[in-house]
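Worksheet: the structure to be examined is printed underneath.
Nothing in this text is a laboratory measurement; each read-out follows from the coordinates by a stated rule. Predicted model, so just to flag it, every value in this text is computed and none were measured. Virtual Cβ from ideal backbone geometry, glycine too; neighbours counted across all protein chains shown.
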Amino acid sequence: MSENPIDFDPLTPSLFIQDIKTVGVLDIDNLDKINLIKRWRYHQQLREQFRKRFLCEYLGLLVQKFLKRKFVRPIEISDIVLEGQDNLKRSDWLIGRVIDIYLGKDNQVLVVKIKTVAGELMRPVKN
C-alpha cells in the first residue's frame, strides 16, 4: 500500500493477514519462544476469522447480486457478445457479432448465430 493517491494497489484480504513490513531488523536476542508461539497462534486465529468473514459476507453478497441480475433487454441482431468457453480464461474468449436469432416456442431467444474471427458459430443463450 502506498500513500500516493496515484498508485492503484488493490486492497485484498491477504493484506490484513500479513505483518506490516518494517525496514529495520528485529533484535533476535530479545525474542523468546513463547512470544513467537503466541504471535503465531494469534495470526492463525485472525487469518481464520478473516477467511470465515470473507466467505460469509463477501461471497454471500456476490451470490445475492448474481441472483438479482436480470437482462435489461433481449439479445438482438448485430449485438456484440462474448463466446464463453469453460476451458479458457475470460480474457481469451472470442468476441463476436450476432448475425441471426432462433426463438423457442415461448418467443424467447434460445440460440444465436455469431460471427467471430474463427468463423460463424451457433451457440445457445445462457441466462
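A few remarks follow.
- Other-chain or far-sequence residues with amide H under 5 Å of V111's (modelled H): Y102, V125
- Per-residue Karplus couplings for region 106-113, computed as 6.51 cos²θ - 1.76 cosθ + 1.60 with θ equal to phi - 60°, are listed in order as 8, 6, 9, 5, 9, 9, 10, 9 Hz, Gly and Pro entered as x.
- Estimated inter-spin distance, K105 and I75, nm [label 7 Å along Cα→Cβ]: 2.2 nm
- Annotation: amide H of L94 within the under-5 Å range of E83, sequence separation 5 or more or interchain, hydrogens built in the peptide plane.
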